[in-house]
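Throughout, read-outs are computed from the coordinates displayed, never taken from laboratory work. Since we're looking at a predicted model, the values are computed, not measured.
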């Protein structure tokens with residue numbers, strides 16, 4: 001009986017460990033997706049700022065004429 005109980009406990013432990021590892025993997029995936037989204041947002045913001053900078057420089061250049 002003790003061997004059966006120990007085996008059942010081990011099966012449950014293994015299942016819980018597997019679920020924890022799966023959750024960790026999902027969290028890492030979500031983290032990577034969030035970092036990618038943040039990077040995409042930052043790239044878009046930088047691109048917009050560069051465009052505004054070019055517009056300001058163009059207006060400044062025209063004002064000097």
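Below is a table of values for the structure above.
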quantity: Calculated [θ] (222 nm, deg cm²/dmol) that DSSP helices of n ≥ 4 give over the chain, each run adding -39,500 (n - 2.57); calculated: -36500 deg cm²/dmol
quantity: In degrees, nearest ten, helix 2-64 long axis to first principal axis of the chain (Cα); calculated: 0
quantity: Rg/Rg_globular for the chain, with Rg_globular taken as 2.2 N^0.38 Å and Rg from C-alpha atoms; calculated: 2.61
